[in-house]
Protein chains: 4
Amino acid sequence: MNVAIVGVTGYSGTVLYSLLVNHPQVTQINLYGHTNEGENGDVRYLDELIAGYHGQHVPLQAFDPEKIMADNDVVFFATSSGVSSQLAGPFIKAKFPVIDLSGDYRLPDPATYEKWYHKPAADAADLAQATYSLADFYAEKTNYIANPGCYATATLLGLAPMVQQDLIDPDSIIVDAKSGTSGAGKSLSQLTHFTEENDNLQLYQLNKHKHIPEVVQQLHQWNNQVNAIQFSTTLLPLTTGLMASIYAKVKSGVTQESLMAAFNTVYADHPFVHVMDGETPSLKQVVGTNNCDLGVVYNPVTHTVMVISVIDNLIKGAAGQAVQNFNHLFNFNETTGLPTLPVFA
Amino acid sequence: MNVAIVGVTGYSGTVLYSLLVNHPQVTQINLYGHTNEGENGDVRYLDELIAGYHGQHVPLQAFDPEKIMADNDVVFFATSSGVSSQLAGPFIKAKFPVIDLSGDYRLPDPATYEKWYHKPAADAADLAQATYSLADFYAEKTNYIANPGCYATATLLGLAPMVQQDLIDPDSIIVDAKSGTSGAGKSLSQLTHFTEENDNLQLYQLNKHKHIPEVVQQLHQWNNQVNAIQFSTTLLPLTTGLMASIYAKVKSGVTQESLMAAFNTVYADHPFVHVMDGETPSLKQVVGTNNCDLGVVYNPVTHTVMVISVIDNLIKGAAGQAVQNFNHLFNFNETTGLPTLPVFA
Amino acid sequence: MNVAIVGVTGYSGTVLYSLLVNHPQVTQINLYGHTNEGENGDVRYLDELIAGYHGQHVPLQAFDPEKIMADNDVVFFATSSGVSSQLAGPFIKAKFPVIDLSGDYRLPDPATYEKWYHKPAADAADLAQATYSLADFYAEKTNYIANPGCYATATLLGLAPMVQQDLIDPDSIIVDAKSGTSGAGKSLSQLTHFTEENDNLQLYQLNKHKHIPEVVQQLHQWNNQVNAIQFSTTLLPLTTGLMASIYAKVKSGVTQESLMAAFNTVYADHPFVHVMDGETPSLKQVVGTNNCDLGVVYNPVTHTVMVISVIDNLIKGAAGQAVQNFNHLFNFNETTGLPTLPVFA
Amino acid sequence: MNVAIVGVTGYSGTVLYSLLVNHPQVTQINLYGHTNEGENGDVRYLDELIAGYHGQHVPLQAFDPEKIMADNDVVFFATSSGVSSQLAGPFIKAKFPVIDLSGDYRLPDPATYEKWYHKPAADAADLAQATYSLADFYAEKTNYIANPGCYATATLLGLAPMVQQDLIDPDSIIVDAKSGTSGAGKSLSQLTHFTEENDNLQLYQLNKHKHIPEVVQQLHQWNNQVNAIQFSTTLLPLTTGLMASIYAKVKSGVTQESLMAAFNTVYADHPFVHVMDGETPSLKQVVGTNNCDLGVVYNPVTHTVMVISVIDNLIKGAAGQAVQNFNHLFNFNETTGLPTLPVFA
């Protein structure tokens, strides 16, 4: 297959490229930049843009929907929120397969999008064509896959069994999530200035994070008793990795054993999700992989369950999950081309 | 005054020395090691034990209670839990002033101590002479001050106004606490091996951390409706600093304004505690100080308040608070000799 | 004394404030911003600009040379290179005491300045009034002190005894210097973006670093055989601290003993410089102090001496040395108000 | 092919496993522990020993040379120095293919080994059977490959063109090398205690590092004028990655152009070595790869060339190079199974 990437120079885009270049079903990767990319003869090549990408002498081509659809079987948007919605229209209208890593098509309701993103929403008719697709719960064939956000992925995978099986008080969910700085992207900011962030913890967007509505929307779909979550995000002094520390009051009669039964049942045939019983994973044990490792620990004194959910925010939380959705979409084995052993043993 | 330090080579002990050496009321600091310290003529000096301590050519003397009491006005134990209880007896019996940074005299009930510490408790009669003293709520004159633990300090200061004024559901308290590695001390462990901990988050002692009972005991004393808390500790890839992320459901009618009124009232005359309204402090803004900075943010959607409490775990969480208790004990100004401006602007 | 700081919001300026606020000879610190600072009634206060600076409710005043000289006994410029030279003229003409942390007056020759700084040099007549003053070798009373750069300080202190006493081949000096990111200042850049710099080493300005000419100029003044050095700078994944690894071929007959004799003689009465014989200091043993720790190790196989020189780049390499120069200038004890024990034992 | 790994639980061994498990020519990987491994029925499995190694349910078998040779086509020793020499004898005598990541067979002269390693050397007859094999300069078929050390690899690749083509003064070589902590292994030590190493630089084994003799031996073989190097190693506050900063005086007439001609010629057909002209690589641009990136910068003022050589110390500096040697040994394509794109773009 020929695949297109729009936005390869962002962190997610580059990781996506590195996964697809090793994917056995991918014949060629074509890269696209902005509309005038390379027009004046000043062509940019991937190996000149990304340090250490020796031999990847692939040009960035101008963004031209017709040409992209002619030359490729699928397009990945690794563009920022607010950008995808300006580029995707022609693909949607043509029912061309798209996997979009941005947030632009995750929320079907334009008003909700605009409330949380503070940007104009995508066209409502286009939004109706998109499917929010948590890859480990991939359900329906769709032309436009809205790939979930990193925080949403870790949170949803940690909560799914308990919410789906109605094991917790729906008003009691608290998520204390922490992420490495790569999730904040390449744009410079005081928050991610090394001197400020090293040896530090900084919260941001408390009660206002863009991933809250997509989490609530999915949880509500699983269990309509869930209408809100308490959710905080803290920037960690590390590059890659995300931990969601999830707390909830359990319903009467729930025990460590019944919790584990639920997790083990739900994730029985999910190759990327691993559950620890009464123990907690470290963040680093998933970095470099498409895994989500979960630790489930019930405290009978407080009737509270804590679930630790860890992922690589750029792989499972972005590019890896996009490839997993790509595998589903084209009926490849779900695990094809995806790493499962952590780097730096 | 002449002051004694037992256990100067641990991280807390060294920081304690560095504070006392600049304390205007301290004339001389005497250091003590183990019982046979220096006996065979092999005297150890502080400047040879701690890198960069040029000019601090102070010998470690043998541990001899009679001599310590004869030569000093007060003794600080910066020893590990399980050690203080073996050393402190003679001082308690003599009603000599002691400030103990360890956990050995924080829990009056020997059975509770043994349950959480997995070590023999101190003598029950001795325990009855000790006072748990959160320095910002210093209450009564006492000969034996049990200085609180680092996690307990951040948690209690973050919860005090809400618990004292009965603003939160007593069964809903969740504390997601994170600390730099210096809190784990100088002993080598796989958890604190650089290659394991760098770029990582690791939980430890979930629902079993030694600081849980001292927190619950103090909260219960403030409000007898509080009998338990959900409490987790995560090791951060940084050296110094501690953040407690505290969540609780508020009682009916409580708002951001009423929460702030409580915090501002309770901490009106507390020089080391600073409260932010609707914003959150970064961990690093207190490192190097005896401050506790608090951020209070109410979420009306979930009826949940989040309080972020940050301290320097070695200063406010150990040595600095010990000096603050020392200032109280001897009627010096509470702030004497204690740093309030963060290092590394 | 009343002291003025221009540029308090930069890292060096804030550290300078934190030192002067504890300096026993300083009565009042006045802060100055740009020319129109506070003019429209929108006064900025230090405690609102720097996180954690509770209680430091000091306003930034408009930059007005006449008023600064009327209200103060000395002015510190903690401004960037290229800025000081635009502000300092009136003070030089009035022979008012200035301590300038920038590079603008370190090089007497305007052409040399412009070659290395790529900016217009200060007025030549003004330059002639300034004195480059490595504080540990403070020599002459002067109205305008050009405080050395951080890399220059570590390098010069490491080389001084060997160059002054002609112990090394003057053409063989190689300095492999490494610094934490705070030396690069508050300005955002890709180099200091956390995601890029964490877990990384990046060289910058190889053979072009601005501190090269001030080092060579001072070495040449000590020993006119020295006309050049090989000098590299590497950005470290840490906030504060600088290590200069210095190599040189020794002259015939030089040994570890004769090297140590030179270092011990030269630094006999220098309270901030400490020399280790055959061992090397760690970077962290000086962080938080105004010390420079040196390790001297001769290798008889290669006839090469390695000197490790470590400093806190913001204290000894900037603000602390400025206070040390201030102490010299006003005949206070050289060590007044300067920290000597490292933070985070 | 069936391959054996002895010592899989060390960092190098685990990385080796992760490479071989994806190697298309490897059918099965057998793991071996100590002699009594699993004897009492208490079998250890890889997925229980290494966090995140889900699905790698491979048992550690007892170390039995006969059985290892019967069941495998090659054995990798990822054991510590001092261990390999006690295990390798039977394989050498049987002329069975061995790739040894330890230092035990790198130095043909037992006396030299004992001087630098402070341990008994391997049997002299066995030593004579081993070949030191820098994989990018793989020369001769051999049964026993002594895989180079991490520091040696970066240093030799950075120096090879200049030493082979006699471009530098053989007495002027200075290597200021820095490595992440994973190079120091899993054993706990104060040096690698997180609280000590974070935000720090620590030199170790100055002029005494074990890799010095293997570097000198190889350089001398390339150019018998080279008999010594000045070599220092500094521990970096990061996990993985190694930078050797190499300095040398050039011979008369050598220029940037002639240096580049040499590097480009020597490395023309070396797929893992990339040379930058007048620029320097960052450490992180090779982490996760088997690459060695070199930057060559000549300074005409000091007649000194600086070469920056960066590698992943666990891949190129250990396990990856071992696989590269394995590919050579069995006539596979040199690049088979080896990663070339850095992780964490």
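The values are calculated or read from the model by the stated rules, or taken from the named source; none is laboratory data. Quantities reported herein were computed from a predicted structural model and do not represent experimental measurements. Glycine gets a Cβ as well: all are built from the backbone with ideal geometry, and neighbour counts include every protein chain shown. Please note that ligands, DNA and RNA were not included when accessible areas were found on the heavy atoms of the full protein model with its side chains. Shrake-Rupley method; radii C 1.70, N 1.55, O 1.52, S 1.80 Å.
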> How many nm separate the modelled label positions at residue C:255 and residue D:189, each set 7 Å beyond the Cα in the direction of the Cβ?
Replying inline: 3.0 nm
> Going by alpha carbons, how many degrees (0 to 90, nearest 10) lie between the helix axis of A:211-222 and the longest principal axis of chain A?
Replying inline: 60 degrees
>> Just to confirm a number: summing +1 for Lys and Arg and -1 for Asp and Glu over residues other than residue C:341 whose beta-carbon lies under 14 angstrom from that of residue C:341, what do you get?
In response: -1
> With every protein chain present, what is the per residue accessible area of the range C:150-313 (1.4 Å probe, Å²)?
Replying inline: 28 Å²
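Among D:29-38, C:62-71, how do they line up from the highest to the lowest mean number of other beta-carbon atoms within 10 Å? Present the calculation step by step, with values, prior to reporting the outcome.
Working: D:29-38: 17.3, C:62-71: 15.0.
The most tightly packed comes first, giving D:29-38, C:62-71.
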> Dimensions of the range B:150-312 along principal axes (Cα, Å, largest first)?
Replying inline: 49, 30, 30
>> Nearest 5 percent is fine: what portion of the DSSP beta bridges confined to the protein assembly as shown is antiparallel?
In response: 45 percent
>> Can you show me the helix-derived [θ] at 222 nm for chain D, built from DSSP H runs with n ≥ 4 at -39,500 (n - 2.57) apiece and divided by the number of residues, rounded to the nearest 500.
In response: -7500 deg cm²/dmol
> How crowded by other chains is C:248-254, given as the mean number of beta carbons from other chains within 10 Å of each beta carbon?
Replying inline: 1
> Just for the range A:150-313, what percent of DSSP beta bridges are antiparallel, to the closest 5?
Replying inline: 70 percent
> Can you give me the Cα centroid spacing of the range B:3-62 and the range B:155-187 in angstrom?
Replying inline: 32 Å
> At a Förster radius of 45 Å, what calculated FRET efficiency corresponds to the Cβ-Cβ distance of residue C:44 and residue D:204, to the nearest 0.05?
Replying inline: 0.45
>> Which one, A:194, A:96, A:76, has the greatest fluctuation when you compute a Gaussian network model over chain A with C-alpha springs under 10 angstrom?
In response: A:194
>> Can you list the residues in the range D:40-68 whose accessible area drops by at least 10 Å² when all protein chains are present, compared with the chain alone? Use a 1.4 Å probe, heavy atoms only.
In response: D:51, D:52, D:53, D:54, D:56
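Mean separation of Cα pairs under 8 Å and 6+ residues apart, divided by the residue count of the range B:150-312: what relative contact order is that in percent?
Values: 332 pairs, mean separation 48.2, N = 163.
That works out to 30 percent.
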> For the Cα atoms of chain D, what angle does the longest principal axis make with the long axis of helix D:150-164, in degrees from 0 to 90, nearest 10?
Replying inline: 40 degrees
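What's the long-distance tail for the range C:49-136, i.e. % of Cα pairs beyond 22 Å?
Working: 1309 of 3828 pairs.
So the pairs more than 22 Å apart make up 34 percent of the total in the range C:49-136.
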> Which residue, C:77, C:330, C:272, has the most motion in a Gaussian network model of chain C that connects Cα atoms within less than 10 Å?
Replying inline: C:330
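How high is the relative contact order of chain C? Use alpha-carbon pairs under 8 Å, at least six apart in sequence, and give a whole percent. Numbers along the way, then the final one.
On the way: 752 pairs, mean separation 59.0, N = 345.
Rounded, it is 17 percent for chain C.
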> Sorted from shortest, what are the nm distances separating the label point of residue B:253 from equivalent points in the other copies, each placed 7 Å from Cα along Cα to C-beta?
Replying inline: 3.7, 9.3, 9.6
>> What does DSSP give for chain D in terms of the percent of beta bridges that are antiparallel, rounded to the nearest 5?
In response: 45 percent
> Around residue D:311, with a cut-off of 14 angstrom between Cβ atoms, what is the net charge of the other residues, counting Lys and Arg +1 and Asp and Glu -1?
Replying inline: 0
> Residue of A with Cβ nearest the axis relating A to D, plus distance in whole Å?
Replying inline: A:343, 3
> Distances from residue D:120 to the same residue in each other copy, label points 7 Å out along Cα→Cβ, in nm, shortest first?
Replying inline: 4.5, 7.8, 8.1
> Within the accessible area of the range B:150-312, what % is carbon and sulfur when the probe is 1.4 Å and the other protein chains stay in place?
Replying inline: 47 percent
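Averaged over peptide A:221-232, how many Cβ atoms belonging to another chain are found within 10 Å of each residue's Cβ? List each step's numbers first, then the result.
Details: counts 0, 0, 0, 0, 0, 0, 2, 5, 4, 10, 3, 8.
Mean partner-chain Cβ count within 10 Å for A:221-232: 3.
Give me the Kirkwood hydrodynamic radius of chain A in Å, from all C-alpha pairs, to one decimal place? Write out the running numbers ahead of the final one.
On the way: mean 1/r = 0.0485 Å⁻¹.
Computed over Cα pairs of chain A, the Kirkwood hydrodynamic radius comes out at 20.6 Å.
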> Most mobile of D:78, D:94, D:318 per a Gaussian network model of chain D (Cα springs, under 10 Å)?
Replying inline: D:94
> What's the angle, to the nearest 10 degrees (0 to 90), between helix C:256-266's Cα axis and the longest principal axis of chain C?
Replying inline: 30 degrees
>> Give me the summed buried accessible area for the A-D pair, 1.4 Å probe, to the nearest 100 Å².
In response: 2100 Å²
> In angstroms, what radius of gyration and Dmax does the protein assembly as shown have, counting Cα atoms only?
Replying inline: 31.9, 92
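Hey, what's the Cα Rg ratio for the range D:248-345 versus the globular rule of thumb, 2.2 N^0.38 Å?
Details: Rg = 15.2 Å, N = 98, 2.2 N^0.38 = 12.6 Å.
With N residues counted in the range D:248-345, Rg over 2.2 N^0.38 Å equals 1.21.
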> Heavy-atom accessible surface, probe 1.4 Å, ligands and DNA/RNA ignored: which residues of the range B:330-345 lose at least 10 Å² versus the isolated chain?
Replying inline: B:340, B:341, B:342, B:343, B:344, B:345
> Given a 1.4 Å probe and the protein chains all in place, what does the accessible area of residue D:44 round to, in Å² to the nearest 10?
Replying inline: 90 Å²
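Return the subset of A:249/B:249; D:95/D:119; D:186/D:210; A:178/B:178; D:284/D:316 for which the Cα-Cα distance in this structure is over 22 Å, preserving the input order. If you can, show how the numbers build up before the last one.
On the way: A:249/B:249 12 Å; D:95/D:119 25 Å; D:186/D:210 18 Å; A:178/B:178 11 Å; D:284/D:316 13 Å.
Going by Cα-Cα distance, D:95/D:119 fall outside the 22 Å limit.
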> Nm distances between the label at residue B:94 and the same-position labels in the remaining copies, 7 Å along Cα→Cβ, shortest first?
Replying inline: 6.2, 7.1, 8.9
> With a sphere of radius 10 Å drawn around the Cβ of residue B:103, what net charge do the other residues whose Cβ falls strictly inside it have (Lys, Arg +1; Asp, Glu -1)?
Replying inline: 0
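Just tell me how shielded D:237-244 is by partners: mean number of partner chain Cβ atoms within 10 Å of each residue's Cβ, no decimals.
Values: counts 11, 11, 11, 7, 3, 1, 5, 0.
Partner Cβ neighbours, averaged per residue: 6.
Which value, in debye to the nearest 20, gives the size of the charge dipole of chain D about its Cα centre, when Lys and Arg are +1 and Asp and Glu are -1 at the Cβ?
On the way: 16 positive and 32 negative charges, 63 e Å.
Here chain D has a charge dipole of around 300 debye.
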